[in-house]
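The values are calculated or read from the model by the stated rules, or taken from the named source; none is laboratory data. Quick caveat, the model's predicted, so the values are computed rather than measured. Backbone-built Cβ (ideal geometry, glycine too); neighbour counts: all protein chains shown.
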Amino acid sequence: MNSRIVIAIDGYASTGKSTLAKMLSRQYQIPFIDSGSLYRGITLYALEKGFFKDDKLDQEALSEALGGLNLRFDNETGGLYLNAENVSQKIRLPQVSDRVSNIAALTMVREFLLHQLRHMASENGLVIDGRDIGTVVFPNADYKFFFTARLEVRARRRYEELKALGQNTTFEEVLNNLIVRDQIDSSRETAPLRKADDAFEIDTSKLTKEQVFADLLEKIDAK
Ligand code: DC
């Protein structure tokens, strides 16, 4: 496989995108990035800097701070570094999940990350998962997939993941967060969550990750 290949996996939260992107990255020896973690990193930064006042974001302060923000995704561990601190655990906290869709709806934030993501792909190709990868970030990606799954299945998966991370949350909280995020992610003006016309759609509700992986490999090989 050509080393500059770009594989885009978009879709709803907790449909297995990152897990499968990691598996493809290993299979084809191409770097991987979970683009959602970058939006989470910016949200964490805004929270820690006190840019949310009574839950209202000071957009000007965030805009000024973006230039000095250093986000690095470690391909080996799948970890995210924010100005050299490993924030992989913190970006999964509920206070980040509750605000990340509002941060991701800001055009200035999307433009800031768009350039970074394109730059990352220019060297060795990329397997990347997100919401707008096949539509906006890499409209010419070599392979595009769009994952869906039933809401309850997604909420159960995310709940189990968070419990494994030791987080104190309930199934209802996780479910409500997914409902709100789906709504904001799909209805925002800039780069909303949408299937690219030329993406393969896969419903992962009843499939194991091995089954989805086999399906992806078959589609990639057939192209
Ligand atoms: O994949 P995730 O749940 O960690 O993503 C967190 C949020 O980031 C999600 O609610 C929407 C946003 N996001 C986005 O708008 N565009 C992307 N390419 C990736 C994530």
(message) For the range 171-186, give me the residue count where each residue is out of contact with any Leu (no Cβ under 6 Å at 6 or more places or on another chain), of a type outside the set (A, V, I, L, M) and closer than 18 Å to PHE147 by Cα.
(response) 3
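Every residue, every condition in (1) within 14 Å of the ligand (Cβ to nearest atom); (2) buried (at least 17 other Cβ atoms within 10 Å of the Cβ); (3) farther than 23 Å from ARG156 by Cα; (4) not acidic (Asp, Glu), yes or no:
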{"position": "TYR12", "(1), (2), (3), (4)": "yes, yes, no, yes"}
{"position": "LYS17", "(1), (2), (3), (4)": "yes, yes, no, yes"}
{"position": "LEU20", "(1), (2), (3), (4)": "yes, yes, no, yes"}
{"position": "PHE32", "(1), (2), (3), (4)": "yes, yes, yes, yes"}
{"position": "GLY50", "(1), (2), (3), (4)": "no, no, yes, yes"}
{"position": "VAL87", "(1), (2), (3), (4)": "yes, yes, yes, yes"}
{"position": "LYS90", "(1), (2), (3), (4)": "yes, yes, no, yes"}
{"position": "LEU93", "(1), (2), (3), (4)": "yes, yes, no, yes"}
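Residue-by-condition table, conditions (1) assigned to a helix (DSSP H, G or I); (2) under 19 Å from MET108 (Cβ atoms):
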| site | (1), (2) |
| --- | --- |
| ALA46 | yes, yes |
| GLU64 | yes, yes |
| GLY68 | no, yes |
| GLU76 | no, no |
(message) Take PHE112 and tell me if it is closer than 25 Å to PHE200 by Cα, touching a helix residue (DSSP H, G or I) at 6+ places or on another chain (Cβ under 9 Å) and either part of a helix (DSSP H, G or I) or more than 10 Å from the ligand (Cβ to nearest atom) (or both).
(response) no
(message) Here is a list: ASN83, ASN75, ASN102. Which entry is more than 16 Å from the ligand (Cβ to nearest atom) and crowded, with 16+ Cβ neighbours inside 10 Å?
(response) ASN75
(message) Suppose we filter LEU178, LEU216 for residues that are more than 13 Å from the ligand (Cβ to nearest atom) and within 17 Å of LYS17 (Cα to Cα); which single one remains?
(response) LEU216
(message) So for the range 183-204 (the condition being without any contact (Cβ under 8 Å) to a residue 24 or more places away in the chain, within 14 Å of TYR12 (Cα to Cα) and in contact with a Lys or Arg (Cβ under 9 Å, 6 or more places away or on another chain)), does at least one residue qualify?
(response) yes
(request) Determine which member of the set SER63, SER3 is more than 16 Å from the ligand (Cβ to nearest atom), modelled with pLDDT of 95 or more and over 11 Å from the mean Cα position of the chain (by Cα). (result) SER63
(request) Working only within the range 34-48, note down all residues that are hydrophobic (A, V, I, L, M, F, W, C) and within 11 Å of the ligand (Cβ to nearest atom). (result) LEU38, ILE42
(request) Search the range 78-87 for residues being at pLDDT 95 or above and either not in a strand (DSSP E or B) or not hydroxyl-bearing (Ser, Thr, Tyr) (or both), and hand back the single one that is nearest to the chain's Cα centre (by Cα). (result) LEU80
(message) Can you find, within the range 115-156, the residue that is surrounded by the most Cβ atoms within 10 Å (Cβ to Cβ) among those that are away from the ligand (no atom under 14 Å from the Cβ) and modelled with pLDDT under 95?
(response) GLY125
